[in-house]
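The values are calculated or read from the model by the stated rules, or taken from the named source; none is laboratory data. Remember, it's a predicted structure, so these values are computed and weren't measured experimentally. No Cβ is skipped: glycine too gets one built from the backbone with ideal geometry, and neighbour counts run over all protein chains shown. SASA here: full protein model, heavy atoms, side chains in, ligands and nucleic acids out. Shrake-Rupley method; radii C 1.70, N 1.55, O 1.52, S 1.80 Å.
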Amino acid sequence: MARMKDDARHDAPRSRWTRRAGLLLLAWVLAAAWGSVVQTVWNLQALVDVGVNIPAADWLRVLGQDLMGFAPVYGGILATGWLIALPVASGLARWWPAGRSALLALAAGGGMVAAVRAVDAAAPMPVFIDATRGLPGLLAMAAGAVLAGWLYATLSARLSAR
């Protein structure tokens, strides 16, 4: 009986960590999918703007292809930015617990922007993701990262409150 209680005490932190990792993975998938959809719509709309007729079935096919092909690449870029930004925000949240959600949301968006700009600086083409060439597209993609950061902050706070 004493062993079962001891095991339960040791499993609780591991279980909480696993749940937090799962929530972070959920937020990351959301941000990667959002960014993929934004860049696809951005590119297809640019073609429409110059007179190319794109049937709805083609829009859906390209969206699906980009979710399978581009989202994982963008997810890697996103993860690189988050690897730095989210731990910094979590550390700052220890001093400002009331601002945890805002800090994590802003860090997720800021980490995304920083990572995309770093890739742009290293890539041989002018920009790696055309949607991020200008501020409106960059902000549209960053909005998904901010939303994902807020989602992670909100859901993980509920986990901590249990």
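For GLN39, are the conditions met, namely being within 27 Å of GLY111 (Cβ to Cβ), open to solvent by less than 50 Å² (accessible area, probe 1.4 Å) and either under 23 Å from the mean Cα position of the chain (by Cα) or in contact (Cβ under 8 Å) with a residue 24 or more places away in the chain (or both)?
In short, yes.
Determine if the stretch 137-158 includes at least one residue that is within 20 Å of GLY22 (Cβ to Cβ), of a type in the set (Lys, Arg) and either exposed (fewer than 14 other Cβ atoms within 10 Å of the Cβ) or modelled with pLDDT under 95 (or both).
We begin by selecting, within the stretch 137-158, every residue within 20 Å of GLY22 (Cβ to Cβ); these are 144-145, 147-158.
If we keep only those that are of a type in the set (Lys, Arg) too, we end up with 158.
Now restrict to residues that are either exposed (fewer than 14 other Cβ atoms within 10 Å of the Cβ) or modelled with pLDDT under 95 (or both): 158.
Yes.
Okay, residues lined up against (1) assigned to a helix (DSSP H, G or I); (2) modelled with pLDDT under 95; (3) surrounded by fewer than 12 Cβ atoms within 10 Å (Cβ to Cβ); (4) in contact with a Leu (Cβ under 8 Å, 6 or more places away or on another chain):
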| position | (1), (2), (3), (4) |
| --- | --- |
| HIS10 | yes, yes, yes, no |
| PRO13 | yes, yes, yes, no |
| TRP17 | yes, yes, yes, no |
| ALA21 | yes, yes, yes, no |
| VAL29 | yes, no, no, no |
| ALA32 | yes, no, no, yes |
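Can you name the condition, by its number, that ALA123 falls short on among (1) more than 10 Å from the chain's Cα centre (by Cα); (2) within 22 Å of LEU23 (Cβ to Cβ); (3) free of Cβ contacts under 8 Å to residues at least 60 places away in the same chain?
(2)
Can you name the residue in the stretch 64-96 that is open to solvent by less than 70 Å² (accessible area, probe 1.4 Å) and among the aromatic types (Phe, Trp, Tyr) and, of all such residues, is farthest from ASN43 (Cα to Cα)?
Checked the stretch 64-96; the qualifying residue farthest from ASN43 (Cα to Cα) is TRP82.
Could you grab me the full set of residues in the stretch 124-136 that are open to solvent by 10 Å² or more (accessible area, probe 1.4 Å) and among the small types (Gly, Ala, Ser)?
Matches in the stretch 124-136: GLY134 only.
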